[in-house]
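Structure first, commentary second.
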Amino acid sequence: MGFPFWGNTQVRQIVDITAIHRVYRPLLIHARSVRRKSCVIERNPAPHGGRGALPSEGGSPSDLLFLAGGGVITRKNNLVVVVVFFVVDVVVLCGIKRVPTVVSNYQKDETEETARRSSGCGKNCLRSCCIPGAKLPLYAFRKLNNIESEKVVLGIENKDPPVAFLDSLILGEWEDRMQRGLFRYDVTACETKVIPGEYGFIAQLNEGRHLKKRPTEFRVDKVLQPFDGNKFNFTKVGQEEVLFQFEASEDGEVQFYPSAPIDVENSPSVVAINVSPIEYGHVLLIPRILECLPQRIDRESFLLALYMTAEAGNPYFRLGYNSLGAFATINHLHFQAYYLAVPFPIEKAPTKKITTLYDEVTISELLSYPVRGLVFEGGNTLQALSDTVSDACICLQENNIPYNVLISDCGKRIFLVPQCYAEKQALGEVSPELLDTQVNPAVWEISGHMVLKRRKDYDEASDENAWRLLAEVSLSDERFREVNALIFEVIASGKDGIEHAAKSLPKEPDTKAESTEEESAITKTSHRAMVGGTQECVVLQ
């Protein structure tokens with residue numbers, strides 16, 4: 001796989017970048033993060049996302065090099081250069097030469113850029129005042145149409161994966177923004193631990209995050225709400241927060257362009273930093289950003305999200321989605337993603353198969369987990385899997401049922417979890433003890449990564465406490481069956497030849513045998529997932 005700015009440079013992958021390697025006989029090479037200012041230290045990466053080792057064990061961002069599958073090594077003019085995610089040191093005998101990463105976003109002519117910015121609103125945003133003439137890096141992914149090629153992308157074939165360039169790009173650009181102070185706080189300073197116990201919940205102490213985040217600016221009793229340009233949206237962020245554009249390649253090959261014009265007529269999808277990160281490398285995928293889409297799933301956008309996780313090809317890279325009413329805080333379509341190098345508890349939960357659709361998409365139910373949910377996997381094509389899940393999401397949002405989605409295993413497993421925590425909050429059904437934790441369970445918390453706001457809760461974190469919180473998120477068994485019936489009815493009616501899908505549901509309720517009155521009752525019951533009300537139901541994160 002070639003990249004336009006490397007020319008004919010020969011590239012080969014580093015298998016384990018955390019050890020010292022003998023590359024060519026006269027050279028010893030060791031890659032380390034620029035954030036590590038002490039001498040070269042060998043370290044075995046510990047099972048923690050973003051920083052390798054846990055903070056309490058001296059973890060640092062340098063260990064993230066291991067998580068993204070290594071870097072690349074090039075040879076030019078008899079000089080070996082290691083290209084990794086941030087800034088690397090090349091140890092040549094006893095001399096050290098510092099080499100900047102080749103994916104820097106700011107190699108533009110300063111005079112030209114200054115002149116362009118002065119003609120806008122001065123904030124260098126993504127609106128019409130500042131976007132004319134603007135350029136951003138462009139990552140063009142390979143949009144596949146056949147099963148065989150998709151298996152390569154999803155890592156099914158037993159071949160060495162290509163250089164993990166997307167990982168390198170995300171992490172290198174993210175670290176650049178961190179060095180420039182664009183985040184509201186330093187997430188690498190947050191304490192994190194795996195809670196001892198059967199489930200392995202992960203706890204992070206992030207004191208004050210809820211005070212530094214933007215407050216929710218919309219009602220939480222409606223999953224679908226129109227976009228409001230007067231409220232915060234991602235066109236108002238500075239262009240420096242955008243890492244790159246993410247679009248399908250026109251020629252079917254992966255390409256990266258360090259500086260590409262923004263096509264205003266065909267609104268680009270972009271990857272930007274989350275300025276209130278939960279973990280190292282926390283980014284946002286914003287589909288067709290200039291179209292100003294509200295926070296609602298559609299088939300095209302969901303497929304884009306699957307392509308991103310598949311393209312990254314890293315099992316530690318997960319992507320999540322929160323609907324309105326399920327603790328999304330911005331009504332502008334976006335997904336979130338970050339790295340965590342331990343399994344999420346939800347990924348380890350046992351499942352029970354419900355059915356396999358005609359296109360080989362398997363739908364299962366979570367078992368022995370505090371939140372009830374569905375698991376989608378398999379499929380003849382990536383689009384088959386994507387369409388099935390997006391249809392289920394559309395069903396939920398059109399029936400005013402809040403939900404969260406986790407995309408894991410490089411896009412091969414998708415967890416769909418309807419929830420009712422905001423409803424219980426509005427009805428006063430959540431205990432004061434849980435409310436005092438100020439934890440609003442969105443996709444990451446539901447998946448088992450608990451972001452805690454108080455030292456007391458972090459010190460006392462346990463399997464039992466995590467389970468108790470998440471149990472309040474879950475629909476009751478009866479209500480979950482009703483929601484499943486809605487989902488399977490939509491899936492069955494939208495695809496020919498899969499009538500058996502709805503029949504594979506548990507006996508109560510059997511949607512094929514429901515009368516009109518009973519179907520209306522199901523819809524009415526499902527609509528109770530959100531409580532009709534006023535702005536007083538707003539919950540601040």
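Read-outs: derived from the displayed coordinates by stated rules, not from any lab. From a predicted model like this one, the values you see are computed outputs, not experimental measurements. When we count neighbours, we look across all protein chains shown, and the Cβ atoms used for this are built from the backbone with ideal geometry, even at glycine.
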**Report entry** Sparse-neighbourhood loop sites, trypsin sites (Lys or Arg not before Pro) in segment 294-389 - DSSP loop, at most 14 other Cβ within 10 angstrom
**Finding:** none
Report task. Apply the Karplus parameterisation 6.51 cos²θ - 1.76 cosθ + 1.60, with θ equal to phi minus 60°, to every residue of segment 303-317 and state each ³J(HN,Hα) to the nearest whole Hz, in sequence, with x for glycine and proline. Result -> 4, 4, 4, 5, 4, 5, 5, 5, 5, 5, x, 10, x, 7, 9
Report summary line: Net charge near Leu303 (other residues with Cβ under 10 Å of its Cβ; Lys, Arg +1; Asp, Glu -1) is -1
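Sort 178-184, 289-295 by the packing proxy (mean of other Cβ within 10 Å over each peptide's residues), most packed first. Show your work: numbers first, answer last.
Values: 178-184: 14.3, 289-295: 19.1.
Final packing ranking: 289-295, 178-184.
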